[in-house]
Structures are given as structure tokens and as C-alpha cells.
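Only one structure is covered here, and it is reproduced in the block below.
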Amino acid sequence: MYRIAVMGDKDSVLGFKALGLEVYPVDDAQQARSRLHALAKENCAILYLTEQLAQQLQPEIARYKDALTPAIILIPGKEGSLGIGMANVKTAVERAVGADIL
């Protein structure tokens, strides 16, 4: 069975626990790197990742970009949006449609 997880700093991700998602608060990029690879091996279908953490994990995220699972979706952290998540959505739409419709 596939799972949905959220990973980022503690203050940004704990609220998702109330929705029934698996929550993984991480303190540094090395811990996040190992957790990301573990989740990918453990049938995690969707991984919500804070933008602040994604900045530190760009090579790892690129590794899973074209993989079927996990689908890595960037969300704003407690510090607010960095615009990375929206840029990724825009790029994905351009690849799917063939033009910038956003």
C-alpha cells in the first residue's frame, strides 16, 4: 500500500499529522537525505517537502524527478514561500502542455 509523507522542519510539518499523513521532522540536510531515500524505498507515493529543505536537497530531488514514485511536491515552510514550488509546477505544466499557460 502506498503512503503519503511530509518532511521538513518540526514547526512546518507537525500540523499535517492531524490530517493523517506520516510526518518526518528533520533537523539537517544529511538526516533529510537519508530519510528521503528510505521513503523512496518504502513505497511512499507522495512526499511533501518544504521549500527550505528542498534547496539543500536539489541533487536528490532531481534523482527522483522522472521516477514514478515518490512524487515530490514542494510546499512553503514556516518562513513562507520561496517560489520554488510554483516554479516547479510551471515547469511541469510546460512539459505536459508544451506551452506556458500559467
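The values are calculated or read from the model by the stated rules, or taken from the named source; none is laboratory data. Every value quoted in this text rests on a predicted model; they were computed, and no experiment measured them. Using ideal geometry, Cβ is built from the backbone for each residue, glycine included, and neighbour counts are taken over all protein chains shown. In case anyone asks, the SASA skips ligands and DNA or RNA and just uses the protein heavy atoms, side chains included. Shrake-Rupley method; radii C 1.70, N 1.55, O 1.52, S 1.80 Å.
Okay, here's what the table says:
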{"read-out": "For the chain: rounded, prolate or oblate by the Cα gyration tensor [a/c cutoff 1.5]", "value": "prolate"}
{"read-out": "Accessible surface of the chain [probe 1.4 Å, protein heavy atoms]: carbon and sulfur percent", "value": "54 percent"}
{"read-out": "Nearest-ten-degree value, helix 84-97 long axis tilted from longest Cα axis of the chain", "value": "40 degrees"}
{"read-out": "0 to 90° range, to nearest 10: angle between helix 29-41 axis and the chain longest Cα axis", "value": "80 degrees"}
{"read-out": "Restricting segment 1-93 to GluC sites (Glu not before Pro) in coil, as DSSP defines it, with at most 16 other Cβ within 10 Å", "value": "Glu42, Glu79"}
{"read-out": "Dipole-positive endmost among Pro25, Leu53, Ala5 within the chain (Cβ charges, Cα centre)", "value": "Ala5"}
{"read-out": "Rounded to 5, the percent of DSSP beta bridges in the chain classed as antiparallel", "value": "5 percent"}
{"read-out": "Simple spin-label estimate for Lys17 and His37 in nanometres, 7 Å along Cα-Cβ", "value": "2.7 nm"}
{"read-out": "In the chain, lysine pairs closer than 27 Å at Cα, eight or more apart or cross-chain", "value": "10"}
{"read-out": "Contact order normalised by residue count of segment 1-89, Cα under 8 Å, 6+ apart, percent", "value": "29 percent"}
{"read-out": "Computed magnitude of the charge dipole of the chain (debye, nearest 20; Cβ of K, R +1, Cβ of D, E -1)", "value": "240 debye"}
